[in-house]
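Undergrad: The structure is given below, and queries will be raised subsequently.
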Amino acid sequence: MTTTQSRPPIRHVEVVVNPLSGSAGPNAKAEAEAILEARGVKARVSTPEDGVVACLQRAIDAGPDLLAVVAGDGTARCAAEMSGPDGPLVAPLPGGTMNMLPRQLYGERDWRAALEEILDAGVVKSVSGGEVDGKMFFVAAILGAPAHWAEAREAVREGRMWLAVQRARRAMRRAFTGRLRYALDGGKMRKTEALTLMCPLVSTIMENDADFLEATAVDPASARDIFRLGFHAAVGDWRAAPSVEVDKCRYGAVWAGGRIPAILDGEPQRLSRTAQIKFRPNAFRALVPEVL
């Protein structure tokens, strides 16, 4: 569920910046420092020189009131997951390419405007999410063979077009080679080519305070359909995929013959052969603008 809470004082801010990510900009570190200095806030701005997780952990260990991230989707998801409901407030600012979670929290604001606004008059929002195979997601997840298209998308994003073509061909070869079995909320086992899970934050059929995930089983009838599904999964247009069957769930499980390819909040992952699904009503606390 997603609810607004009273705002605590913001005295200490930790910021993690990746100046090489999609929309952060090469001067992001200096710009963030200037914004914080202008407001007289105790702050430290760090870059992930020795890895994202280590950098985020140091920031969290410093005990800030707010952890702000100016980076890509993977870092935004990681910051929210590591902070959890009992850690610092999180501001996953739009510093990447797709900005799946930041767009839901900050709209079309760039990261500078969003940071200034939440420091001046932000409100606390408790954000729900989902968990699959022990990994969190806060916007949407897609499980199954179409997730292989994320690897092609990553190559396109890096400007490696020949690699993108190779990965697209491999994704097509993998179509229909390994169907999923799944069960939701203790129901009967079903088969599908792909299963998408959408959080209340982004679902078009649920309110923000809903207490379940939207589950969409997608069973394409042809290679053309699976191509379309892979494309829509890669660009984040989850509900535009063909052959859709919509359900909802608070828990479930999914099985496959091998490790399950997945996309969690726009980032490719590899899950176990058997993965548990859970709805998390209070996944983390975000600092957001008062009016989106």
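Undergrad: In region 13-32, is there at least one residue being at pLDDT 95 or above, closer than 26 Å to Phe279 by Cβ and acidic (Asp, Glu)?
TA: Checking region 13-32: not a single residue is at pLDDT 95 or above, closer than 26 Å to Phe279 by Cβ and acidic (Asp, Glu).
Undergrad: How about region 167-196: which of its residues are modelled with pLDDT under 85 and hydroxyl-bearing (Ser, Thr, Tyr)?
TA: Thr177
Undergrad: Assess whether Glu49 counts as being of a type in the set (Asp, Glu) and under 25 Å from Leu201 (Cα atoms).
TA: Spelling it out, it is not the case that Glu49 is of a type in the set (Asp, Glu) and under 25 Å from Leu201 (Cα atoms).
Undergrad: Find the residue count for region 190-203, including only residues that are in contact (Cβ under 8 Å) with a residue 24 or more places away in the chain and assigned to a loop (DSSP other than H, G, I, E, B).
TA: So the answer is 5.
Undergrad: Working carefully through the options Arg44, Arg112, Arg58, find the one that is over 28 Å from Leu213 (Cα atoms), in contact (Cβ under 8 Å) with a residue 12 or more places away in the chain and outside any helix (DSSP H, G or I).
TA: Within the list Arg44, Arg112, Arg58, the selection yields Arg44.
Undergrad: Which residues, counting only those in region 96-121, are surrounded by 24 or more Cβ atoms within 10 Å (Cβ to Cβ), of a type in the set (Gly, Ala, Ser) and more than 12 Å from the chain's Cα centre (by Cα)?
TA: Ala114
Undergrad: Something else about it: Which one of Pro9, Pro19 is under 16 Å from Leu93 (Cα atoms) and surrounded by fewer than 24 Cβ atoms within 10 Å (Cβ to Cβ)?
TA: Checking each option against the conditions leaves just Pro19.
Undergrad: Assess whether Leu93 counts as being surrounded by 24 or more Cβ atoms within 10 Å (Cβ to Cβ), over 27 Å from Thr196 (Cβ atoms) and at pLDDT 95 or above.
TA: Criteria not met by Leu93.
Undergrad: Here's something else I'd like to know. Using beta carbons and a limit of 9 Å, which pairs, at least six apart or on different chains, have the first residue in region 206-218 and surrounded by fewer than 20 Cβ atoms within 10 Å (Cβ to Cβ) and small (Gly, Ala, Ser) and the second one at pLDDT below 90 and assigned to a loop (DSSP other than H, G, I, E, B)?
TA: Ala210/Met1; Ala210/Thr2; Ala210/Pro200; Ala210/Ser203
Undergrad: Here's something else I'd like to know. Those residues that are closer than 14 Å to Ala24 by Cβ and either of a type in the set (D, E, K, R) or not assigned by TED's automatic domain parsing to the domain that holds Gly25 (or both), I need them from region 67-108; list them, please.
TA: Asp73
Undergrad: Which members of region 61-77 meet the condition of being of a type in the set (Asp, Glu), touching a Leu at 6+ places or on another chain (Cβ under 9 Å) and in a helix (DSSP H, G or I)?
TA: Asp73
Undergrad: Can you name every residue in region 122-148 that is crowded, with 24+ Cβ neighbours inside 10 Å, more than 12 Å from Cys199 (Cβ to Cβ) and of a type in the set (Val, Ile, Thr)?
TA: Hit for region 122-148 is Ile142, nothing else.
Undergrad: I'd like the full set of residues that are of a type in the set (S, T, N, Q) and in a helix (DSSP H, G or I), limited to region 79-102.
TA: If the condition is that a residue be of a type in the set (S, T, N, Q) and in a helix (DSSP H, G or I), then Ser83 is the only one that fits.
Undergrad: If we keep just the residues of region 270-292 that are farther than 18 Å from Pro92 by Cα and either hydroxyl-bearing (Ser, Thr, Tyr) or in contact with a helix residue (DSSP H, G or I) (Cβ under 8 Å, 6 or more places away or on another chain) (or both), which is surrounded by the most Cβ atoms within 10 Å (Cβ to Cβ)?
TA: Looking at residues that are farther than 18 Å from Pro92 by Cα and either hydroxyl-bearing (Ser, Thr, Tyr) or in contact with a helix residue (DSSP H, G or I) (Cβ under 8 Å, 6 or more places away or on another chain) (or both), I get Ser272.
The values are calculated or read from the model by the stated rules, or taken from the named source; none is laboratory data. The structure presented is a predicted model; accordingly, all values stated were derived computationally and were not measured. When we count neighbours, we look across all protein chains shown, and the Cβ atoms used for this are built from the backbone with ideal geometry, even at glycine.
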